[in-house]
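Here is the structure we will look at.
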Amino acid sequence: MKTAICPGSFDPITLGHIDIIKRVSKLFDKIIVVVLPNPRKNPCFTIEERLDFIKRATADIPNVEVDCYEGLLADYCKKKQACCVVKGLRAVSDFEYEFQMALSNKKLNPDTETIFLTTSEQNLYLSSSIVKQIASYGGDISHFVPSCILEDIKNRLLKGSKGNEC
Ligand code: PNS
């Protein structure tokens, strides 16, 4: 049984993430979407909120599990005996950081490979940060997040601070 890990902050999950998860789900027996801490980011949504959004947004994908972990991705992959980490790459700007993480993870856990999928064309510019910024000013994010969680994200972000600060 081949298990792949789709890691991220998912703050919140977007249609870009969903596109990657759906494509990965066709390539592996089991996919675990895991919310991990990113020390470079200050999340707007709690872990519980993010897990709830991911679970609802991936409910129709049969081989997907949703989880969270307060530690290193490399350790999580060992624990789950995952053969691969899969991440989406949007642009050259993503590459340096993702490359650094992939190499560090390989050093920490040589049994897990990192694979990159190119983001679909329509999601090239999409990010959780853009979604948060638009929604906090009451802008339309219906093209960016799954419809089943749209209202919850909108309501929650309108109540928060403006822009990208959390
Ligand atoms: O969605 P993001 O913020 O780009 O995802 C980055 C994430 C959360 C996958 C990354 O920061 C991570 O792996 N965090 C867990 C801690 C860890 O393993 N850090 C070392 C990476 S070499």
- Give me the accessible area per residue for the chain, probe 1.4 Å, as a whole number in Å². 55
- When the accessible area of the chain is split by element with a 1.4 Å probe, what percent falls to carbon and sulfur? 54
- Query: Roughly how many Å is it from the Cα centre of the stretch 1-22 to that of the stretch 69-141, as a whole number?
  - Reply: 8
- Message: Net charge within 14 Å of VAL34 by Cβ-Cβ distance, Lys/Arg positive one each and Asp/Glu negative one each, not counting VAL34 itself?
- Response: +2
- Just add up the charged neighbours of LYS87: K/R +1, D/E -1, any other residue whose Cβ is under 13 Å from the Cβ of LYS87. -2
- Within the chain, excluding any GluC sites (Glu not before Pro) found in a DSSP loop (not H, G, I, E or B) and having at most 16 other Cβ atoms within 10 Å, the longest uninterrupted segment runs 71-164
- Ellipticity estimate at 222 nm from DSSP helix runs (n ≥ 4, -39,500 (n - 2.57)) divided over the chain, nearest 500: -12500 deg cm²/dmol
- For the pair ARG23 and PHE99, how long in nm is the line joining their label points, each one 7 Å along Cα→Cβ? 2.0
- Please give every one of the aspartates and glutamates within straight-line cross-link reach of LYS30, meaning a C-alpha to C-alpha distance under 12 Å, and leave out same-chain neighbours fewer than 8 residues apart. GLU65
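The values are calculated or read from the model by the stated rules, or taken from the named source; none is laboratory data. Everything numeric here is computed off the predicted structure, so don't read it as measured data. Because the Cβ atoms are built from the backbone with ideal geometry, glycine has one as well, and the counts that use them run over all protein chains shown. Keep in mind that these areas ignore ligands, DNA and RNA; they rest on the heavy atoms of the full protein, side chains included. Shrake-Rupley method; radii C 1.70, N 1.55, O 1.52, S 1.80 Å.
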